[in-house]
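Colleague: My structure is below; once you've seen it, I'll send some questions.
The values are calculated or read from the model by the stated rules, or taken from the named source; none is laboratory data. This structure is a prediction, so every number in the text was calculated from the model and none was measured. Quick reminder, even Gly has a Cβ in these numbers, built from the backbone with ideal geometry, and neighbours come from all protein chains shown. Heads up: the accessible areas ignore ligands, DNA and RNA and are worked out on the full protein's heavy atoms, side chains in. Shrake-Rupley method; radii C 1.70, N 1.55, O 1.52, S 1.80 Å.
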Amino acid sequence: MVSKELARCIARICGDGYLGKKYIRYANKNDELLKEFARDIKSCFDNVHLYWAIGNSGTPFIQLNRKKICSYFTEILPSYTSSKIEIPDVIKKSNLAIKKEFLRAYFDDEGGANLRIYKKTKEWKRDIKIASNSKKMLEDIKLILSQDFGIITNKLFRSSTKTGNKIDRTYHLIITGKSNLIKFNELIGFKSKYKDKELNLAISSYGKTHHRNPEGFHTTYRALLLVRAGRNYQNNKLYKSIL
């Protein structure tokens, strides 16, 4: 039987985490997500000592050094390599509550809500987007969203953006449409308060067009700027608190 806490731990390791033979590391700039991972790990395993630090990239992380715990997770999913991850069978065979927690944790790490303005027409563009190096992972997510939650997604696509000598070949899955955004918000949602706020702004922006409802348009835009400013402030504050 998989608990909600364990489901979130698996998702976190698949997302912004790393699983080696001797240690597990979870890195994130979001204080809420780091603390939730710490609580979940301690809930699932006894006598766990967690190390908090900052990586070379400037991102805070939590690490635990226990071979037994590492082996436990590899029994659930043999490989956590970014290109090979998939939703484990123990999650696929679980109930909706467990699937919800897995998806929510993974979307918190690898996805996000997006509200932006198409400058030429000043129209709102809204979506929830998630990215992964593993096509299988996103195919699994797409299927569960559709079959278990009634959320329809767009077709998978793969980016081919070149940065310097590297080519980004990440897979992307996108959720669009008011009804799908509302379902995601009600049935899955985000733990990250800033991603949650942007999703709610995206949903509330319907009908608040620049031409027909300029007051609502500008109110929404100002609220969006505040959400993004708050997120940047929180990230800097967390970094300084660990230092």
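Colleague: Direction-averaged shadow area of the convex hull around the Cα atoms of the stretch 174-225, nm²?
Modeller: Computing the convex hull of the Cα atoms and averaging its projections yields 3.9 nm².
Colleague: Provide the net charge surrounding Phe184, with neighbours chosen by a C-beta distance below 15 Å and charges set as Lys +1, Arg +1, Asp -1, Glu -1. Let's see the in-between values first.
Modeller: Numbers: positive: Lys99, Lys100, Arg104, Arg126, Lys129, Lys142, Lys178, Lys183, Lys191, Lys195, Lys197; negative: Glu101, Asp108, Glu110, Asp127, Asp148, Glu186, Asp196, Glu198.
In short, +3.
Colleague: Can you classify the stretch 6-114 as rounded, prolate or oblate using the Cα gyration tensor, where a ≥ b ≥ c are the square roots of its eigenvalues, rounded means a/c under 1.5, and otherwise it's prolate if a/b beats b/c and oblate if not?
Modeller: It is rounded, given that a/c, with a ≥ b ≥ c, falls under 1.5.
Colleague: Taking the highest mean first, how do the peptides 114-127, 76-89 order by number of other beta carbon atoms within 10 angstrom per residue?
Modeller: 76-89, 114-127
Colleague: Could you work out what % of the accessible surface of the chain is carbon and sulfur, using a 1.4 angstrom probe and leaving DNA, RNA and ligands out of the count?
Modeller: Answer for the chain: carbon and sulfur cover 49 percent of the accessible area.
Colleague: Expressed as cubic angstrom per residue, what is the convex hull volume of the alpha carbon set of the chain? Write down the numbers at each step before the final one.
Modeller: Working: hull volume 33.7 nm³, N = 243.
Cα convex hull per residue, to the nearest whole number: 139 Å³.
Colleague: Same structure again: Give the residues of the stretch 129-157 whose amide nitrogen is closer than 15 Å to a point set 7 Å from the Cα of Lys92 in the direction of its Cβ.
Modeller: Flagged as within label range: 135-148.
Colleague: Whole angstrom only: what separates the Cα centroid of the stretch 173-218 from the Cα centroid of the stretch 6-38?
Modeller: So the separation of the two Cα centres works out to 27 Å.
Colleague: Throw me the Rg/Rh for the stretch 89-232, computed over C-alpha atoms with Kirkwood Rh, two decimals.
Modeller: 1.00
Colleague: Which residue, Phe107, Phe184, Phe73, tops the fluctuation ranking in a GNM of the chain built on C-alpha contacts under 10 Å?
Modeller: Taking springs between Cα atoms under 10 Å, the residue moving most is Phe73.
Colleague: To continue, here is another question. Assuming a ≥ b ≥ c are the square roots of the Cα gyration tensor eigenvalues, decide whether the stretch 7-67 counts as rounded (a/c under 1.5), prolate (otherwise, with a/b larger than b/c) or oblate.
Modeller: Rounded.
Colleague: Charges on Cβ only, +1 for Lys and Arg, -1 for Asp and Glu, centred on the Cα centroid of the chain; of Ser82, Gly58, Tyr221, which one is farthest towards the dipole's positive end?
Modeller: So the residue we want is Tyr221.
Colleague: Same structure, new question: With every protein chain kept in place and ligands, DNA and RNA left out, what is the accessible area per residue of the stretch 1-108? Probe 1.4 Å, answer in Å².
Modeller: 49
Colleague: Still on this structure: Of the residues Leu181, Leu156, Leu201, which exhibits the maximal mean-square fluctuation in a Gaussian network model of the chain defined by a 10 Å Cα contact cut-off?
Modeller: Leu156
Colleague: What is the spin-label model distance, in nm, from Asp196 to His172 if the labels are put 7 Å beyond Cα along the C-beta direction?
Modeller: Taking the two extended label points, one gets 2.7 nm.
Colleague: Quick one: grab the alpha carbon gyration tensor of the stretch 102-181, order the square roots of its eigenvalues as a ≥ b ≥ c, and give me rounded if a/c is under 1.5, else prolate or oblate depending on whether a/b is larger than b/c.
Modeller: In terms of gyration-tensor shape, oblate.
Colleague: Another question, if that's okay. Among all the lysines, which ones have a C-alpha under 23 Å from Lys67's C-alpha, if same-chain residues fewer than 8 places away are not counted?
Modeller: Lys4, Lys21, Lys22, Lys35, Lys42, Lys84
Colleague: Could you tell me the calculated FRET efficiency between Ala131 and Ile152, based on Cβ-Cβ distance and R0 = 30 angstrom, to the nearest 0.05?
Modeller: Result of the calculation: an efficiency of 0.95.
Colleague: Let me ask something additional. Can you return the lysines within cross-link range of Lys122? Criterion is Cα-Cα under 27 Å, with same-chain partners fewer than 8 residues away left out.
Modeller: Correct list for Lys122: Lys155, Lys178, Lys183, Lys193, Lys195, Lys197, Lys208.
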